1. Sum -39500 (n - 2.57) across every DSSP H segment of at least 4 residues in the chain, then divide by the residue count to get the 222 nm mean residue ellipticity, nearest 500.
2. Please turn the phi angles of segment 369-384 into ³J(HN,Hα) values with the Karplus equation 6.51 cos²θ - 1.76 cosθ + 1.60 (θ = phi - 60°), one per residue in order, whole Hz, x for glycine and proline.
3. Among the trypsin sites (Lys or Arg not before Pro) in segment 352-452, which ones are in a DSSP loop with at most 15 other Cβ atoms within 10 Å of the Cβ? Mind listing them?
4. Taking the Cα atoms only, what angle lies between the long axis of helix 297-321 and the longest principal axis of the chain, rounded to 10 degrees?
5. Set the Förster distance to 25 Å, then compute FRET efficiency between Lys547 and Gln700 from the Cβ-Cβ distance, nearest 0.05.
6. What does DSSP give for segment 500-726 in terms of the percent of beta bridges that are antiparallel, rounded to the nearest 5?
7. Return the unpartnered cysteines for the chain, using a Cβ-Cβ cut-off of under 4.7 Å.
8. Between Ser630, Phe599, Thr675, whose Cα lies farthest towards the positive end of the dipole of the chain when Lys and Arg beta carbons carry +1 and Asp and Glu beta carbons carry -1, centred on the Cα centre?
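Each reported figure results from applying straightforward, stated rules to the coordinates on display, with no laboratory input. Bear in mind that the values here come from a model prediction, so they are computed numbers and not experimental data. Heads up, the Cβs are rebuilt from the backbone with ideal geometry, glycines too, and the neighbour counts pull from every protein chain shown.
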Amino acid sequence: MGGNARGLFIATIVLGSFLLFLVQPLVARMVLPRLGGAPAVWNSAMLVYQTLLLGGYAYAHALGRFSLRRQAIIHVALLALAALTLPIALADLPPARAGLETLWVPLLFFATIGPVFFVVSAQAPLMQRWYAANKKAGDPYWLYAASNLGSFAGLLAYPLLLEPNLPLAAQSWLWTFGYLALVLLVAVVGWSRRSPYPTNGSESDTSPGEHVGWRRILLWLALAAVPSGLILSTTTHLTTDIVAMPLLWVLPLGLYLLSFTFAFNEGSKVGDILVRVTPLVILFVGGIAMTSHVAQAATAGLATLLLLFSVSVSLHRRLYKDRPSASQLTLFYLVMSAGGVLGGLFAALLSPMIFDWVWEHPILILAAAILAPLHPYFDWKARFGLARDDRRPEILVTGLAIVLGLGLAATVNTQADLTAIALLLAIGFCGFLLLNWRPGFLLVVFVLMLARGGFITLAQSFEGDRERSYFGIYTVERDQQRATLTHGTTLHGLQRTQAGKEFEPTTYYSRTSGVGLTLDKADELFGRNARVGVVGLGVATMACYRKPAQEWTYFEIDPIVLDYSKSGAFTFMRECTPDATTHLGDARIALEAMEPDQFDILVIDAFSSDAIPLHLVTREAFAIYQRALSDDGIILIHISNRYIDLQPVIAKLAELGNWHSAARKDIDPEDEFATPSLWIAMSKNARAMAQLRGEQGEWQDLPPPANAVWTDDFASILPHVKWHVLFGQDK
């Protein structure tokens, strides 16, 4: 099987990349029962994958010292050894200690997927090196585009095909069979290059002695690091401040991978067009990178994804244009991978520790503005007879943009105002004129960021009203009537500040909400010594429903949230349940470790931004809740959500578990401090549920159940997404 063996190489490299990016969401899905769905969990996973990718590329580079025959033997042997860790199963590590999740989560991913990910990640550079060993094969770099097309397909195949149709065990075995097919293909490819090709690529390399200096390596690092970090910052920014929507982590990574298909292709017209338009995208879309409140979430989300894609194509295309000869191919990919790790370290590890908000996002966009190729659309200075090297006109335009930016900042709360739109377009035009002078262009991008919400976001940081943890970004805002806690765009608690009304329940916990109706009846249902457990603290708004003899227990995963109620801006807990027991850590693990029959009422109110963690609404989770409840106990599940309808999911759990259930939709509460809410009540005891429902008609039956029950092994959010709401067709 001599010659180019082009089809064989394509099949091998595409399959390897497909498997590589199929396994990423698969393992992330496996850890949900332990970690929930916080964006930081995915960012930690990405950092691990980037590190393993760097290790794989370093291994591929080191193999270059051997003959192709020996390379093939070593690689196939390592693939076979890694296969001993299959099928994929989550590593059995003890639970993370509170506050150490940043280190524990990467360790879990390393232990679970490390060996096979490491060897498969070497596929792209190794296959290209082996392909280039034949002098007739030509430039091997186009195979990297094919590799990333396979990666993109693998990433999309998981949420669209595997997750909705197969349990995790079957997914793991399917991946294992794919891996074994890959081992066979690699062996055949190695056989096809057994002889007589040289190992250093000299027959296909016109300049085998090409020198790669440190300045060039630093440029490669920067060009790779910015898009890599931007994937993670975009994911955090989207899910925290724009659209609190699950599965969004798939889109940034998918677009990042797709960017290589257009960038690493010499004749890509789309890639060339995107390089030309990227500066304008940076101007107009990058301008919202500092805002923490966006009016039209779906539109802003799509624009942010467009920014990531265009920047990735532009910087990766510049990287491709500066690629070395085939003799330095593995060094090139090694440096690229190192840049990816640096970007990941900055966005996933360093930024959460040093920033109180997603400041890495605007920083990376400004870095993109420094690195992206700038191509003026016309020579406006020549039109006016100005000297090309005279920078005074550019300085004047930059000064005008700054003045206009101050005017735009004054209109930031009137997004639809014609004056604001005119100012925005005028500043954008100044940036357009400065495409021939990078310092001015960079300054205009920064001015737009500040004017379009950046001043407000900065002020909140300087005032100390925002904190960031592994699980989210929290902002406290106060006025004469209220103090609020928000997680990104999602309200997580409100306390009135008027004298005499400080302890009235608000938001989703008002007197007319499902939880309010239930807790008000706790004495009637269970006697004066009712035991109440609350999963998810928020600002502890429910605390003041407590009656004197009741015993309350809280479960909270985030120490920062607990601090808000114990010693921070909110006093519900300090005043109404000061002696309550608090368990810090994952509630499901804590409940499982407790003795049975602990609670009469168990409230499930944990949220990751706007979404309840999936592992809290599976069949296994409800088995834990049932064990923790008394025989006539009641579970209350809070499922208010802008974009997901979980009622059919809960209805299916109720059907299979023989739970009696009812829903309370508080759609239009009269209290101005209350918000619409949706609560589900469930009990194994028909009498308790009938007593709760009463005769007032406040509770309704659940809708028809979903077709499949959610388990730790099988769940898909896609059938329950309110697409019409997401795209603004309904509210």
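1. -16000 deg cm²/dmol
2. Per residue, the Karplus-derived 3J(HN,Hα) values read 5, 6, 9, 5, x, 10, 10, x, 7, 7, 8, 5, 5, 5, 4, 9 Hz.
3. Here the trypsin sites (Lys or Arg not before Pro) that fit, given the DSSP loop and packing criteria, are Arg388, Arg391.
4. 20
5. Result of the calculation: an efficiency of 0.35.
6. 45
7. Cys430
8. Towards the positive end, the residue furthest out is Thr675.
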